[in-house]
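A short worksheet on the structure shown next.
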Amino acid sequence: MAWTVTYDLEEFRAAAGGFLRAHPARNTTLLTVVSSLTVAGSGRYGAEPPVYGWWTGEEKDPVAGPVGGAFLRTPPYPPLLSALSGEAARALARTLARDGELKVTGVNAGRGTAEAFATAWEGLTGAVSTVEQTHRLYRLDALTPPDPAPPGRPRTATAADRDLLITWYEGFARETDALRDDVAAQVDDKLGHDGITVWELDGRPVACAGISRTIAGMARVSLVYTPPELRGRGYAGAATAAVSGAARAAGVREVLLFTDLDNPTSNALYQRLGYRPVEDHLLLSFLAAGRAVPEQGHPS
């Protein structure tokens, strides 16, 4: 039973791709990050090369095959882990602790895996973990669009919307302390696969909602934004319902999204639209040498 670690994306995809695709909802962020790296190259999230790994040796999953876990790290973001057994989480902590070059200052994973890894990391390094963010993964059940809907209509964003969307994404980044990578690159990536829906009123965009590429029948809604002066009018909910409904109509089986549990407004909104909780994820930072180095999760 061991972890294999590589800097080769294609090697990782060949070894762990079946495992990730066997459980697309559980592995949604890993799948979308791998997809972005495949399209945009290894520098998509930062100058340092990404590192990848997979766990083998425990009981073989009849669907996923011999791989029983996976992780990736794209600096400056912390390691992103699939669901892991306690043994695999402890072994990964030992593996990463031995490689001082990886500079692990946090972890991003489902609650149980994050806590198991953090306990092992603390024992190995003397660090203390702190919770930076708690996210909840939701899956769309029966879509319930807003009724009554706000005035306006949805449309797919185009290159003509690029400058406005960059401004909005910059606002999203300031408010959420997310999107630490190039905002323009994030916009361009989503425009490249028609991945942004805007809600338009009298020819003027008033809100937007993004969605990832479809992978293994799964797509994830993200980057839902309304400018502050236009909030409270239902535009974000309408945009989210529109992009969710379009995904379902296109045959996407698993339509997902994450929320910050510290934001009760968005959690309530998505549940009204028909999203149901799946599991909670923790973004942890490790306190070492007298200071914490906060990390943020991957942009969606």
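Residues with beta-carbon under 9 Å from that of residue 255, excluding residue 255: net charge, scoring Lys, Arg +1 and Asp, Glu -1? Please list the in-between numbers first.
On the way: positive: 139, 220, 248, 253; negative: 254.
Its environment carries a net charge of +3.
Ignoring ligands, DNA and RNA, what percent of the 1.4 Å accessible area of the chain is carbon and sulfur?
50
Measuring with a 1.4 Å probe in the full set of protein chains, what accessible area per residue, in whole Å², belongs to the chain?
I get 43 Å² per residue for this part.
State log₁₀ I(q)/I(0) for segment 2-144 at q = 0.09, 0.19 Å⁻¹ as given by the Debye formula over alpha-carbon point scatterers of equal weight, solvent excluded.
-0.27, -1.21
Once the Cβ-Cβ distance between residue 21 and residue 176 is put in as r, and R0 is 22 Å, what FRET efficiency do you end up with, to the nearest 0.05?
Efficiency, rounded to the nearest 0.05: 0.15.
Below 8 Å between Cα atoms, with a sequence gap of 6+, how large is the relative contact order for segment 110-222 in percent?
Computed over segment 110-222, the figure is 20 percent.
When N counts the residues of the chain, how does its alpha-carbon radius of gyration compare numerically with 2.2 N^0.38 Å, as a ratio?
Ratio of Rg to 2.2 N^0.38 Å for the chain: 1.00.
By what distance, in whole Å, do the Cα atoms of segment 67-181 stretch along each of the three principal axes, largest value first?
Cα extents, longest axis first: 56, 34, 28 Å.
How much length is gained if the chain between residue 111 and residue 125 is pulled fully straight, taking 0.36 nm per residue apart and subtracting their Cα-Cα distance, in nm to one decimal?
Length gained, residue 111 through residue 125: 3.0 nm.
Whole-Hz Karplus ³J(HN,Hα) for segment 204-216, in order, using 6.51 cos²θ - 1.76 cosθ + 1.60 and θ = phi - 60°, x for Gly and Pro?
10, x, 10, 6, 8, 8, x, 8, 6, 4, 7, 9, 6
Can you give the Rg to Rh ratio for segment 217-291, taking only C-alpha atoms and Rh from Kirkwood?
Rg divided by Rh gives 1.08.
In percent, what relative contact order does the chain have, based on Cα pairs under 8 Å that are 6 or more apart in sequence?
Details: 596 pairs, mean separation 69.0, N = 300.
Reported as a whole number, the value is 23 percent.
For the chain, with only Lys/Arg (+1) and Asp/Glu (-1) charged at the beta-carbon, what is the dipole magnitude about the Cα centre, in debye rounded to 20?
So the magnitude is around 520 debye.
How much length would be gained if the chain were fully extended between residue 39 and residue 87, taking 0.36 nm per residue of separation minus their Cα-Cα distance, in nm to one decimal?
Difference between extended and current length: 13.9 nm.
How long is the gain from residue 193 to residue 153 if the chain were fully straight, where each residue apart is worth 0.36 nm and the alpha carbon distance is subtracted?
12.4 nm
Put +1 on the Cβ of each Lys and Arg and -1 on the Cβ of each Asp and Glu in the chain; which of 267, 227, 27 then has its Cα farthest toward the positive end of the dipole?
267
Grab the DSSP H runs of the chain that are 4 residues or longer, score each as -39,500 (n - 2.57), total them, divide by all residues and round the 222 nm result to the nearest 500 deg cm²/dmol. Intermediate values should be presented prior to the final figure.
Details: 8 runs with 103 residues, N = 300.
Helices in the chain give a 222 nm mean residue ellipticity of -11000 deg cm²/dmol.
Evaluate the relative contact order of segment 144-300 (contact order divided by residue number), counting alpha-carbon pairs under 8 angstrom at least 6 apart; express in whole percent.
Working: 223 pairs, mean separation 37.9, N = 157.
Taking the mean separation of contacting Cα pairs over the length of segment 144-300, I get 24 percent.
Thinking of segment 119-229 as a set of Cα atoms, what percent of all their pairs are more than 16 Å apart?
In whole percent, the share of Cα-Cα pairs in segment 119-229 beyond 16 Å is 68.
Which angle between 0 and 90 degrees, to the nearest 10, do you get for helix 28-40 versus the longest principal axis of the chain when only C-alpha atoms count?
Its long axis makes an angle of about 80 degrees.
Taking the chain as the reference, fit the longest principal axis to its C-alpha atoms, fit the long axis of helix 9-22 to the helix C-alpha atoms, and give the angle between the two in degrees, 0 to 90, nearest 10.
Tilt relative to the chain: about 70 degrees.
How far is helix 86-98 tilted off the main Cα axis of the chain, in degrees rounded to 10, range 0 to 90?
Compared with the principal axis, the helix lies near 80 degrees.
If the viscosity is 1.002 mPa s and the temperature 20 °C, what Stokes-Einstein diffusion coefficient in µm²/s follows for segment 148-300 when Rh is the Kirkwood radius over Cα pairs?
After rounding, the answer is 131 µm²/s.
Taking only the alpha-carbon positions of segment 170-227 and ignoring solvent, what does the Debye formula give for the base-10 log of I(q)/I(0) at q = 0.14, 0.15, 0.21 Å⁻¹?
With one equal scatterer per Cα and no solvent, log10 I(q)/I(0) is -0.42, -0.48, -0.89.
Along Cα→Cβ, 7 Å out, is where each label goes; now give me the distance between the ones at residue 250 and residue 202 in nm to one decimal.
3.1
The values are calculated or read from the model by the stated rules, or taken from the named source; none is laboratory data. Note that the structure is predicted; figures quoted are calculated from it, not measured. FYI the Cβ positions are ideal-geometry reconstructions off the backbone, even for glycines, and counts take in every protein chain you see. Protein only, heavy atoms only, side chains kept; ligands, DNA and RNA dropped before computing areas. Shrake-Rupley method; radii C 1.70, N 1.55, O 1.52, S 1.80 Å.
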